[in-house]
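K.L.:
Mind having a look at this structure? Questions to follow.
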Amino acid sequence: MKKELFELKRNMRIELCNITKITGYIVDNNRDCRLEFTKTFLNIPETEQFKYLDIFGKVLSGKPGKNMFQLDFLDKERARYLNAIANTELKDDEVRQIFLEEIAESIDVSNKTYTLILIASGIYDIPKIATDGTDLYESEEVYRYMIGCLCPVGLSAAGLSYAPELADVQERTRDWVVSMPTQGFLYPAFTDRHSDLDHVWYYSKRPNDPDKGLITQTLWCKLPSTPEEQKIAFRESLNAVNGKVSLEQAKDLYHSLGRIKDIKSDSEDRRLKASEIENVLKNIGIDPEAAAESAKGCNIAEIDTENTVNTKRFEIGLPDAHVTVNADRTDLVSTRVIDGEEYILIKADGGICANGIILENREREKDEEEDD
């Protein structure tokens, strides 16, 4: 998905743009329509074209596994309906009106004064790609798509402005500003650089808060598991071994999962399979039965490897305190029981700082004095 999104976003430039028409529909928080428009994209002033392309490009800038999801249809009939809309290129007034109204009735409009529903229709001649990755500029397939987004519309910030013609500073005139999209979708999906009628690609600015109404009532798709839900499911799966993991085993587990994550980073299917987590747990010395039980929930939760471990840092701690080290320095951390109490120890390999303040090392100074 990552490469395909980059390819489509690259075309969101004036010189490469393949958008043919756009339609907009502004609703208030009562879902009443305040404005509706349809424009041929090439007839829009170039300065406005730039702004629209920025908005549509934002939808395509989502990160797979984080805030860009591939949605599955609950009903294949809906896929045929959306495909029919995309093929009209927004030229059919009745079809376009019904679709805009469906979106307006399904989306979350709470805490918003106005919302702009913006949809673009495009036709992309997919170029053949040479083995070295360069475009051959020969059309391999025509990709007809629509890209939709929800943009909050709100008053600009209050303030003062300078009026040079009046040689004065005055209250700034507030106007209604269209913000970048908080939700968006692309249909059909562009899987493996081909039109994928069976899936929708969905963008959510807040990864853990997709618009449920838009997904289930308008697109008729299954709600995706959010990154936070996946992280919780992942932790619960690992914790099914009931505290039978030592710190050294936790380090080995962390590095093994990090390798799986790196291997799958450019794959279309980055889901963590139950067999993979089971094998990792067995390899670090967990009882096979406990490993199998722990791995059961992975397939159900469809956990993206992006939401498993942070490959840049390793963390250990208590509810009220934690220690974080770089991924390649897990050797600095250990645990030890001293006088019957368990402690987390960090090897002081270098100068010690507290909030950026270098601390004195009295023991080291004492040793140096004894050597003298």
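K.L.:
Would you confirm whether or not region 42-52 contains a residue that is surrounded by 20 or more Cβ atoms within 10 Å (Cβ to Cβ) and either of a type in the set (D, E, K, R) or not in a loop (DSSP other than H, G, I, E, B) (or both)?
P.N.:
Yes.
K.L.:
Among the listed residues Ala189, Ala157, Ala163, Ala167, identify the single one that is in contact with a Phe, Trp or Tyr (Cβ under 6 Å, 6 or more places away or on another chain) and among the small types (Gly, Ala, Ser).
P.N.:
Ala189
K.L.:
Let me ask you something else. Could you tell me which of the residues Ile26, Ile22 is assigned to a strand (DSSP E or B), open to solvent by 20 Å² or more (accessible area, probe 1.4 Å), in contact (Cβ under 8 Å) with a residue 60 or more places away in the chain and under 27 Å from Asp209 (Cβ atoms)?
P.N.:
Sole residue among the options that is assigned to a strand (DSSP E or B), open to solvent by 20 Å² or more (accessible area, probe 1.4 Å), in contact (Cβ under 8 Å) with a residue 60 or more places away in the chain and under 27 Å from Asp209 (Cβ atoms): Ile26.
K.L.:
While we're here: Say we look at region 305-348 and pick out the residues that are part of a loop (DSSP other than H, G, I, E, B) and within 22 Å of Gln230 (Cα to Cα); which of these is most open to solvent (accessible area, probe 1.4 Å)?
P.N.:
Top of the filtered list is Lys312.
K.L.:
Another question about this same structure. Looking at (1) in contact with a helix residue (DSSP H, G or I) (Cβ under 8 Å, 6 or more places away or on another chain); (2) at pLDDT below 85, can you tell me which one Phe314 breaks?
P.N.:
So Phe314 meets the others, but not (2).
K.L.:
If you check Glu36 against the conditions, is it of a type in the set (Asp, Glu), open to solvent by less than 20 Å² (accessible area, probe 1.4 Å) and in contact with a strand residue (DSSP E or B) (Cβ under 9 Å, 6 or more places away or on another chain)?
P.N.:
No: the conditions fail for Glu36.
K.L.:
State which residue is least open to solvent (accessible area, probe 1.4 Å) when the search covers only region 195-212 and only residues that are of a type outside the set (Asp, Glu), in contact (Cβ under 8 Å) with a residue 24 or more places away in the chain and part of a loop (DSSP other than H, G, I, E, B).
P.N.:
Per the criteria, the residue is Pro210.
K.L.:
Out of region 164-194, which residues are assigned to a loop (DSSP other than H, G, I, E, B), at pLDDT below 90 and of a type in the set (S, T, N, Q)?
P.N.:
Residue satisfying the conditions is Thr173 alone.
K.L.:
Let me spell it out: the conditions are (1) outside any strand (DSSP E or B); (2) over 27 Å from the mean Cα position of the chain (by Cα), and Lys128 meets all of them except one. Which number is the exception?
P.N.:
(1)
K.L.:
Which residues, taken from region 72-92, are in contact (Cβ under 8 Å) with a residue 40 or more places away in the chain and either within 20 Å of Glu36 (Cβ to Cβ) or buried (at least 18 other Cβ atoms within 10 Å of the Cβ) (or both)?
P.N.:
Phe73, Ala79, Leu82, Ile85, Ala86, Glu89, Leu90, Lys91
K.L.:
Pick out the one residue from Ile215, Ile286 that is crowded, with 19+ Cβ neighbours inside 10 Å and outside any helix (DSSP H, G or I).
P.N.:
Criteria check complete, one pass: Ile286.
K.L.:
In addition: Step by step: first the residues of region 76-125, then only those that are touching an Asp or Glu at 6+ places or on another chain (Cβ under 9 Å) and in a loop (DSSP other than H, G, I, E, B), then the one that is farthest from Thr218 (Cα to Cα). Which residue is that?
P.N.:
Step by step, filter region 76-125, then rank; the result is Thr113.
K.L.:
For Ala189, state whether it is open to solvent by less than 70 Å² (accessible area, probe 1.4 Å), touching a residue at least 60 places away in the same chain (Cβ under 8 Å), farther than 25 Å from Arg31 by Cβ and aliphatic (A, V, I, L, M).
P.N.:
yes
K.L.:
So, in region 268-283, how many residues would count as being assigned to a helix (DSSP H, G or I) and either open to solvent by 50 Å² or more (accessible area, probe 1.4 Å) or among the hydrophobic types (A, V, I, L, M, F, W, C) (or both)?
P.N.:
Counting residues in region 268-283 that are assigned to a helix (DSSP H, G or I) and either open to solvent by 50 Å² or more (accessible area, probe 1.4 Å) or among the hydrophobic types (A, V, I, L, M, F, W, C) (or both) gives 8.
K.L.:
Which residues, counting only those in region 169-218, are over 19 Å from the mean Cα position of the chain (by Cα) and among the aliphatic types (A, V, I, L, M)?
P.N.:
Val169, Val177, Val178, Leu197 - these are the residues of region 169-218 that are over 19 Å from the mean Cα position of the chain (by Cα) and among the aliphatic types (A, V, I, L, M).
K.L.:
So, in region 53-74, of the ones that are in a loop (DSSP other than H, G, I, E, B) and of a type in the set (A, V, I, L, M), which residue ends up nearest to the chain's Cα centre (by Cα)?
P.N.:
Leu60
K.L.:
Can you run down the residue pairs with Cβ atoms below 7 Å, 6 or more apart or on separate chains, where the first is in region 1-19 and without any contact (Cβ under 8 Å) to a residue 12 or more places away in the chain and open to solvent by 20 Å² or more (accessible area, probe 1.4 Å) and the partner is assigned to a strand (DSSP E or B) and of a type in the set (S, T, N, Q)?
P.N.:
Correct list of pairs: empty, since none qualify.
K.L.:
Specify the residue that is most open to solvent (accessible area, probe 1.4 Å); the eligible residues are those in region 224-267 that are within 28 Å of Tyr203 (Cβ to Cβ), without any contact (Cβ under 8 Å) to a residue 40 or more places away in the chain and in a loop (DSSP other than H, G, I, E, B).
P.N.:
If we take residues in region 224-267 being within 28 Å of Tyr203 (Cβ to Cβ), without any contact (Cβ under 8 Å) to a residue 40 or more places away in the chain and in a loop (DSSP other than H, G, I, E, B), then Ser267 is most open to solvent (accessible area, probe 1.4 Å).
The values are calculated or read from the model by the stated rules, or taken from the named source; none is laboratory data. Bear in mind that the values here come from a model prediction, so they are computed numbers and not experimental data. Glycine also receives a Cβ, built like all others from the backbone with ideal geometry; neighbour counts cover every protein chain displayed. Surface accessibility is based on the protein's heavy atoms, side chains included, excluding ligands, DNA and RNA. Shrake-Rupley method; radii C 1.70, N 1.55, O 1.52, S 1.80 Å.
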